[in-house]
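Note sheet for the following structure.
The values are calculated or read from the model by the stated rules, or taken from the named source; none is laboratory data. Because the structure is predicted, anything quoted here is derived from the model rather than measured. Cβ: placed from backbone, ideal geometry, glycine included. Neighbour counts: every protein chain shown.
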Amino acid sequence: MNKVILSVLGHDRPGIVAAIANILFECSCNIESVSQTILKTEFSGSFIISMPPDLTQEELRQALNEDLAAMNMHIHIESVLKQKTGLVSSNAEPFVITTKGPDRKGLVAGISAIIARYGVNITNLQAVFKGGDEPGNNIMIYEVDIPVDIDRKDFSRALRAKAKILALSISIQHRNIFETINRI
Amino acid sequence: MLTDREIISTLEMLENEHLDVRTVTLGINLFECASHDPQKVKNKIFSRITHFAKNLVAVCNRIGEKYGIPVVNKRIAVSPIAVVGAALSSSQMVDIAKTLDAVAEEVNVDFIGGFSALVQKGIARGDRALIEAIPQALTATERVCASINVASTRAGINMDAVLLMGHTIKQAAKLTAEKDGLACAKLCVFANIPEDIPFMAGAYLGIGEADAVINMGVSGPGVVKMAIDRALEANPDLDLGQISELIKKTAYKVTRVGELIGREVADSLKIPFGVVDLSLAPTPNVGDSVGEIFQSLGLLSIGVPGTTAALALLNDAVKKGGAFASSRVGGLSGAFIPVSEDLNISEAVRKGYLSLDKLEAITSVCSVGLDMVAIPGDTSAETIAAIIADEMAIGVINNKTTATRLIPVPGKKAGDSAYFGGLLGQSTIIPVNNAQEPNRFVRHGGLIPAPIQSLTN
């Protein structure tokens, strides 16, 4: 069995996942993991699939393109490297970084650069920019894993400094507080 | 994966609705500091408190920062000093108070409670020494808080103690006359005092407690008010049952904060976690008011007809939500109505909507009692004792906690302003009827017996 990751992009409508799953079933592929999002009007889905040994990636690509032609979906297939564990080390704490402020170019780039500089991994990102100056309309929420061995005060300071330059208000909190307040 | 709604609503509570941890109170047992030698008592108290409390403020700040929720106050509550210092004289008790003040400053906490005595059945020698020391002790110190339990449902009301406290309060006011009677703002008289209140001025470490304990006081009247406002804006036809449910859920969220942070502070300090007190405790800051909740519920102001019913709804919903949120709920756990500490409530007094009689009535359905009530300076000690007696009766008969924190402001009369500063706020002086006439009733003294409902065995 070889593992691949299949990415599908295209205009959203009912029936996309059904179509893909059907093709994969007919090709004797097994879906191991799926993640799907809708960004405004566009569908984006990632599938980790194990292919039968006698199926090549090119064959799978052709099968998908044929059947999804009518939907105008863009397909990409890539091998998944064999890795025992994910990137996340067990020595990291989950935090949530939230920013609010007027919309402008460079917000995600600016904040994510700092996050990358400290070796912090983004595990989930939600950002909605409705445009304009109303701070409530432009929110970025980064769920991150901060390794325990980095200087969190320093990281925090760097983030706040960058946020100030970008005219954003920023808050950085451990994930537990959100779960504790909102879930039983 | 957290939803954006969960994250944004939590941040709203923190940033705009004044959600915070109002206090982390470290309770420290001082019984092993007892001695006939006052110097030994002082030394032991100082070293025991510093031993437990030296990292309290740093740990609270670190954990507050981790979660983005400020721990606004760090406090200490000790075993009742009347018991710890039972062998000491009144002037030696004043010295103990000064030691407590010094060690509070040393570890950087803003208040230290426990200069207390429990006299519901009778006043022992050490108790009397402490009570006599109170005016001087609270004048000479900044951070020390005192509480005296004069009544309980099981014991009845000790009217000798009540009268004694009337005089003590007058004396304390006199000694701090130039500060509008500030010493009285640090003195509470209780019926059925809980052993684990984290809030001042009633905090002390009860006798059944361990060596040390962490108790949490959360607060969030602003959060509750905003939740009600939002809900009513979306749907003006909500009925009181639905509003109660909404308050309950909000109280749940607020209490969860206390549970999370309290347990982590306790773990870090390696001190057992005690209770979360889920009281709605206001501050003089705008938007952090219990009084405003009444307006959100549709009353013109706290104090107008409908107030007692509204408070009953509020207090009960807060308790239910909080009880679900924490495995250990204790202290007072309800709505506070501290007149000077809440901008909106002191305004209600100034405008005449809220009278002393209404305040007394609502204490039958809320936690605290006549809290931070400034009264005319010429109110007699007997009248003060009588006001206390009334409040104690409400507590004793209804098997609940009630208390008084009355401040007769020297030289000022009803309608004047009293200013206490900081969290203690400021307020208009409330009129008291029949304030200077003699009161033969309280002078009878003795013990009003325990009510029949105390015979529950």
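Annotation: A:ILE181 fulfils all but one of (1) crowded, with 17+ Cβ neighbours inside 10 Å; (2) within 29 Å of B:LYS253 (Cα to Cα); (3) more than 8 Å from every other protein chain (Cβ to nearest Cβ); the unmet one is (3). Within region A:91-114, the residues that satisfy the criterion of being surrounded by fewer than 17 Cβ atoms within 10 Å (Cβ to Cβ) and either among the basic types (Lys, Arg) or assigned to a strand (DSSP E or B) (or both) are A:GLU93, A:ARG104, A:LYS105. Among helices (runs of 4 or more DSSP H) entirely within region B:1-77, having at least 3 residues that are surrounded by fewer than 24 Cβ atoms within 10 Å (Cβ to Cβ) and acidic (Asp, Glu) singles out B:4-16. Among the residues making up region A:117-128, those that are under 18 Å from A:PRO94 (Cβ atoms) and within 14 Å of chain B (Cβ to nearest Cβ) are A:ILE122, A:THR123, A:ASN124, A:LEU125, A:GLN126.
Filtering region A:148-178 to residues that are in contact with a strand residue (DSSP E or B) (Cβ under 8 Å, 6 or more places away or on another chain), more than 7 Å from chain B (Cβ to nearest Cβ) and assigned to a helix (DSSP H, G or I) leaves A:ARG152, A:PHE155, A:SER156, A:LEU159, A:ARG160, A:ALA163.
Restricting attention to region B:13-37, the residues that are under 24 Å from B:ASP277 (Cβ atoms) and either away from chain A (no Cβ under 14 Å) or touching a Leu at 6+ places or on another chain (Cβ under 9 Å) (or both) add up to 13. Among the residues of region B:186-214, the ones that are out of contact with any Lys or Arg (no Cβ under 9 Å at 6 or more places or on another chain) and farther than 12 Å from B:SER79 by Cα come to 4 in all. Tell me, please, whether a residue that is under 17 Å from the mean Cα position of the chain (by Cα), under 13 Å from A:ILE20 (Cα atoms) and surrounded by 15 or more Cβ atoms within 10 Å (Cβ to Cβ) can be found in region A:48-64. There is at least one residue in region A:48-64 that is under 17 Å from the mean Cα position of the chain (by Cα), under 13 Å from A:ILE20 (Cα atoms) and surrounded by 15 or more Cβ atoms within 10 Å (Cβ to Cβ).
Here B:ALA266 fits the description: in contact with a Phe, Trp or Tyr (Cβ under 6 Å, 6 or more places away or on another chain) and either within 14 Å of another protein chain (Cβ to nearest Cβ) or assigned to a helix (DSSP H, G or I) (or both). How many of the residues making up region B:269-284 are touching a Phe, Trp or Tyr at 6+ places or on another chain (Cβ under 6 Å) and hydroxyl-bearing (Ser, Thr, Tyr)? Number of matching residues: 1. Would you confirm whether or not region A:106-116 contains a residue that is at pLDDT below 95, more than 17 Å from A:LEU159 (Cβ to Cβ) and more than 14 Å from chain B (Cβ to nearest Cβ)? No, there is no match, as no residue in region A:106-116 is at pLDDT below 95, more than 17 Å from A:LEU159 (Cβ to Cβ) and more than 14 Å from chain B (Cβ to nearest Cβ).
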